[in-house]
Amino acid sequence: MNAIEFTSQTNNLSFILLLISFSIIGVLYAFHYKYSKELILSVFSQRNANQYLRDENVFKRRVNIFFNILITLNIPIFVCVAIFNQELKIHLFLNILFFTCVYYSIKFICIWFIGILLKMKQIINTALFFTTLFDKVFSLFCFPLLLLFHFFYFEIKEATILLMFVVFSLFFILKIYWNIKIGIKSFGLSKFYLFIYICIIEFFPLLLVYRGIVFA
């Protein structure tokens, strides 16, 4: 199989979406490297996370916007190829994108409601930051794996899907760990409240969205 034949068999929509993702990553590296690095390191270091939250400016808002776009592009592709094992089509992409937006909307509403219920408005901004932080960085880390899945010369799709699930699992475990650590140390929440919070914020919206996509 030559390069022309191989290219003709790739998914055009996936190519366009991944090309846009590559362009966004290039912009982040070229013009916002400092704050992008700080955001990525926030996954592994609370000091970087605190600094990123503390020093709010227009450049960080741009970085957040770019990473949010990466989520809307790469997460639906990941869901399509890794979870449903289907070729990405425009109607499927729009369907998954819609439920991805629903997923984050439900999470934001739940976080806002819990913050008001506990009379801790400070927890709202912190929880919103950390609940999307790991998804943003995951959308960046899964990009090279999505490239391998679609455009690698040899057949390594099963291995690539396995790697994507491993990376996703690591980020999800990190998210739960930081939620528990920050909830106990920074806000003094009990383990029971944290368990309810994690179930409502992380698992409940995910189950609703999964049910919506499967039965749509």
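Remarks
- The orientation-averaged projected area of the convex hull spanned by the Cα atoms of segment 24-66 comes to 2.7 nm².
- In terms of distances greater than 24 angstrom between alpha carbons, the cross-link table entries Lys60/Lys107; Lys60/Lys157; Lys34/Lys107; Lys34/Lys157; Lys107/Lys136 yield Lys60/Lys157; Lys34/Lys107; Lys34/Lys157.
- Under-5 Å amide H pairs with Ser42, H placed in peptide plane, nonlocal only: none
Each value in this text was obtained by applying a stated rule to the coordinates, not by laboratory testing. Fair warning: this is a prediction, and the values are worked out from it, not measured in the lab.
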